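Derivation of every value follows stated rules applied to the coordinates shown; laboratory data play no part. Every value quoted in this text rests on a predicted model; they were computed, and no experiment measured them. With ideal geometry, Cβ positions are generated from the backbone for all residues, glycine too; neighbour counts draw on all protein chains shown.
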Amino acid sequence: MFLWGTATAAYQIEGAADEDGRGPSVWDVFAHEPGRVRDGHTGDVACDHYHRWPEDVALMAGLGVNAYRFSVSWPRVLPSGAGEVNAKGLDFYERLVDALLEKGVQPVPTLFHWDLPQALEERGGWLSRDTAARFADYAAVVAGRLADRVPLWITLNEPFVHMAYGYAMGVHAPGRALLTEALPAAHHQLLGHGLAVRALRAAGAREVAITNNCTPVRPASREEPDLRAAEAYDILHNRLFLDPVLLGAYPDLSAYPPGLDCVRDGDLEVIASPIDALGVNYYNPTRIAAPEAGAGLPFADAGLPGHPTTAFGWPVVPDGLRELLTGLKARYGAALPPIHITENGCSQEDVLTAGGTIEDEGRIAFLRDHIAAMRRAMDEGVDVRGYFVWSLLDNFEWAEGYHQRFGLVHVDYATLRRTPKASYRWYAEFVRSQNTDT
Ligand code: GBH
């Protein structure tokens, strides 16, 4: 059964930041620091999904999707990251999972979508090797409760973005700007992934995956410096997070001291623990040029002109999804597991019309064209098993606060009222038209 779904993440929708024993995460702390998030927005309330989840499950039932990717808030389950389990936190996810299953929606939980418990950040966060072990313990706790009902687990969401935005550039929590010295945050996340795969299996998990955001990389020109920069970006963005998982080896990082001198004997075997699927989040291709002299990074983003853009300014290049998927197959061959597109979508400035509707025709075209591109890759032999729209709801878009709207459902943040957009009706009709076995 091909999974047609939607996706969300805990900090972006749940709110209820201080309720029922939840501990603080790095995002609570970061968002409350002045100047970090646009207009000082925080996830304190977000979409209030923690209270309104029955309404959100009903919205999914109305959509007719057969899968929902959400994330589990680590500090809701383990308020200080390790040790004492908060029963009310686990109960919340159990109620959600049961309600989804009752509506025929397969629950696909992601265990880490960037909201590290603050207590672990204070012990070094992902720069510390210990966090990897704590992640596996947490995975075991959640799977101990839910493994019998969950068909597919995702360990990490986009470890590249968490490393790059959170540890290298400091524009996401925990706000560190270490440039290439952020690389240990890659290794420790990947080690945490591998240890979690083993913990999940031991707890009886059915299928396990990791979600990476992958991007096709295009050099800005055929000149040698641009080609070299594009290769560096491909290594740091794509291969750093896929080669060790699928091939058991890191790409050559000797050009980025201190590189990965934190890797210990045996780590790569753990990281390469077999997975059942690969989650791929696709937004757009990236065009890369040589950096300016003295820049802290070995590449520069050259922008990708000549395409329409989303409200975020990201280029809309549907065929990039086909290019990405066929490129993964060419690179990894038999080592590439079946793929789920775990996120794809766009932000738009969706406004309520006087009649109370939202006519997001641009989003409909975006989804239709990307699904068609995915199909072309499948026709070229790529094994894709699922597609999840980002996102079910408008939500807290990290450093952009509530300014970017990605939802199939509009959220009025003053009243928290949900209004399905035209794209919701389009996706509902589309999903219904699909054979369950396509
Ligand atoms: C995902 O990250 C996250 O998983 C999710 O939480 C988030 O809400 C969603 O996407 C939307 O942002 O500079 O024009 O080349 C996406 C990571 C990183 C993808 C930046 C697009 C660059 C666009 N993104 N990237 S551009």
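Ignoring GluC sites (Glu not before Pro) that are buried or in helix or strand per DSSP, and keeping those with at most 15 other beta carbon atoms within 10 Å, what is the longest stretch of the chain between them? If you can, show how the numbers build up before the last one.
Numbers: sites that count: E19, E84, E122, E223, E292, E349, E359, E380.
Free of exposed loop sites, the longest segment is 123-222.
Specify the residue with the greatest mean-square fluctuation among T357, T180, T419, computed from a Gaussian network of the chain linking alpha-carbon atoms under 10 Å apart.
T357
Picking from D379, D319, D360, which is most flexible by a Gaussian network model of the chain using Cα springs under 10 Å?
Its mean-square fluctuation being the largest, the pick is D379.
Going by a ≥ b ≥ c, the root eigenvalues of the Cα gyration tensor, does the chain fall in the rounded group (a/c under 1.5), the prolate group (a/b larger than b/c) or the oblate group? Please report the intermediate quantities before stating the final value.
Working: a/c = 1.30, a/b = 1.11, b/c = 1.17.
Rounded, because the longest to shortest axis ratio a/c is under 1.5.
Please work out whether region 2-152 counts as rounded, prolate or oblate from its C-alpha gyration tensor, where a ≥ b ≥ c are the square roots of the eigenvalues and a/c under 1.5 means rounded, while otherwise a/b larger than b/c means prolate and anything else oblate? All intermediate terms of the calculation are to be shown ahead of the outcome.
Numbers: a/c = 1.95, a/b = 1.33, b/c = 1.46.
Oblate.
Starting from the Cα of A335, step 7 Å toward the Cβ, then list every residue of region 170-201 with an amide N under 20 Å from that point.
Once the point is set 7 Å along Cα→Cβ of A335, 186-198 turn out to lie under 20 Å by backbone N, inside region 170-201.
Rounded to the nearest 500, what is the 222 nm mean residue ellipticity of the chain from helices alone, with -39500 (n - 2.57) per DSSP H run of 4+ residues and division by all residues?
Details: 14 runs with 154 residues, N = 438.
Helices in the chain give a 222 nm mean residue ellipticity of -10500 deg cm²/dmol.
Would you mind telling me which residue in W390, W314, W153 has the biggest mean-square fluctuation in a Gaussian network model of the chain, where springs connect alpha carbons within a distance under 10 angstrom?
Residue with maximal mean-square fluctuation among W390, W314, W153: W314.
Within region 179-244, list the trypsin sites (Lys or Arg not before Pro) lying in a DSSP loop whose Cβ has at most 10 other Cβ atoms in a 10 Å radius. The partial results should precede the final answer.
Details: sites: R198, R201, R206, R222, R228, R239; in loops: R206, R222.
Those satisfying the criteria are R222.
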